Amino acid sequence: MKKNIAVGILAAACVLSSGVAFADESGFMVRARAVSLDWDNNNGDNLQHVGVGKVEADNRWIPEVDISYFFTKNIAAELVLTYPQEVDIKTSALGKIGSVDALPPSLLVQYHFTELGAFKPYVGLGVNFTMFTDRSFDTALGKVSVDANTVGLVAQVGADYMLNKNWSLNIDAKYIQMETDVKLNGGKIGKLGLNPLTLGIGVGYRF
């Protein structure tokens with residue numbers, strides 16, 4: 001009888017300890033980054049036929065915050081957020097012609113490599129949904145506008161370096177598929193492939 005009780009206690013201890021280990025591996029992590037936004041500016045139609053020239057968005061630095069939830073020590077979901085960013089639009093023919101506001105949240109699934117001690121690299125894949133507001137402006141040729149929304153894939157690679165069990169340093173790179181139709185006086189005149197590469201550095205806190 002005592003042997004059975006001992007075995008039961010041991011089994012319960014194993015279950016509880018495994019639950020604690022899982023709790024340590026799961027949970028939330030919040031990161032704050034400064035991110036360089038480098039637009040691809042691939043303008044396939046070139047828009048030369050309407051006298052606009054090459055349309056481009058200006059590169060810029062933006063703040064970024066992400067919230068990650070670790071389902072296990074290796075698998076996490078990450079929501080990437082920022083506030084609406086003003087993006088200057090310029091052309092080779094007219095110079096700066098205006099600006100639009102872009103809000104580009106992304107949702108990714110990540111795999112974290114945890115066998116390298118404090119250094120924890122990861123890869124991620126997900127989807128980006130960009131909303132454009134204040135998306136039209138007047139030019140010498142008429143009113144230029146872009147579509148309201150774009151949806152595209154996101155690929156990510158990065159790494160956390162754990163300073164202790166909570167705080168970490170972070171580096172991160174993402175390639176985002178993002179393109180939008182360009183319209184002049186309501187008629188489509190081409191497509192602007194923004195497709196930014198983002199390079200970020202920041203800090204993280206694990207709860």
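The values are calculated or read from the model by the stated rules, or taken from the named source; none is laboratory data. Nothing here was measured: the structure is a model prediction, and the numbers come from that model. Here Cβ is always computed from backbone atoms with ideal geometry, including for glycine, and neighbour counts include all displayed protein chains.
Restricting attention to the range 84-125, the residues that are buried (at least 18 other Cβ atoms within 10 Å of the Cβ) and either of a type in the set (Ser, Thr, Tyr) or in contact with a Cys (Cβ under 6 Å, 6 or more places away or on another chain) (or both) total 3.
Of all residues being at pLDDT 95 or above and among the charged types (D, E, K, R) in the range 153-205, which is farthest from the chain's Cα centre (by Cα)? Just the residue, please. So the residue we want is Asp160.
The residues in the range 86-125 that are over 14 Å from Val146 (Cβ atoms) and either part of a strand (DSSP E or B) or among the small types (Gly, Ala, Ser) (or both) can be counted, and the count is 20. Gly142 meets all of the listed conditions (1) of a type in the set (Gly, Ala, Ser); (2) in contact with a Phe, Trp or Tyr (Cβ under 8 Å, 6 or more places away or on another chain); (3) over 21 Å from Leu197 (Cβ atoms) but one, namely (2). Does Gly158 count as in contact with a Phe, Trp or Tyr (Cβ under 7 Å, 6 or more places away or on another chain), assigned to a strand (DSSP E or B) and of a type outside the set (D, E, K, R)? Yes, satisfied.
Scanning the range 125-170 for residues that are more than 19 Å from Asp88 (Cα to Cα) and charged (D, E, K, R) returns Asp160, Lys165. Just one of the numbered conditions (1) out of contact with any Pro (no Cβ under 9 Å at 6 or more places or on another chain); (2) outside any loop (DSSP other than H, G, I, E, B); (3) within 30 Å of Gly95 (Cβ to Cβ) is not true of Asn195: (2).
Considering the range 30-69, the residues that are at pLDDT 90 or above, buried (at least 20 other Cβ atoms within 10 Å of the Cβ) and of a type outside the set (D, E, K, R) include one that is nearest to the chain's Cα centre (by Cα), namely Val35.
Of all residues in the range 126-141, those satisfying the criterion of being part of a strand (DSSP E or B) and either exposed (fewer than 13 other Cβ atoms within 10 Å of the Cβ) or of a type in the set (Ser, Thr, Tyr) (or both) are Thr130, Thr133, Ser136, Asp138, Thr139. Mind listing just one residue for me: the one in the range 70-91 that is of a type outside the set (Asp, Glu) and closer than 18 Å to Val203 by Cβ and, of those, farthest from the chain's Cα centre (by Cα)? Per the stated criteria, the residue is Phe70.
The residue list Thr180, Thr130, Thr114, Thr139 contains one member that is in contact with a Pro (Cβ under 9 Å, 6 or more places away or on another chain) and either in contact (Cβ under 8 Å) with a residue 60 or more places away in the chain or of a type outside the set (Gly, Ala, Ser) (or both), which is Thr130.
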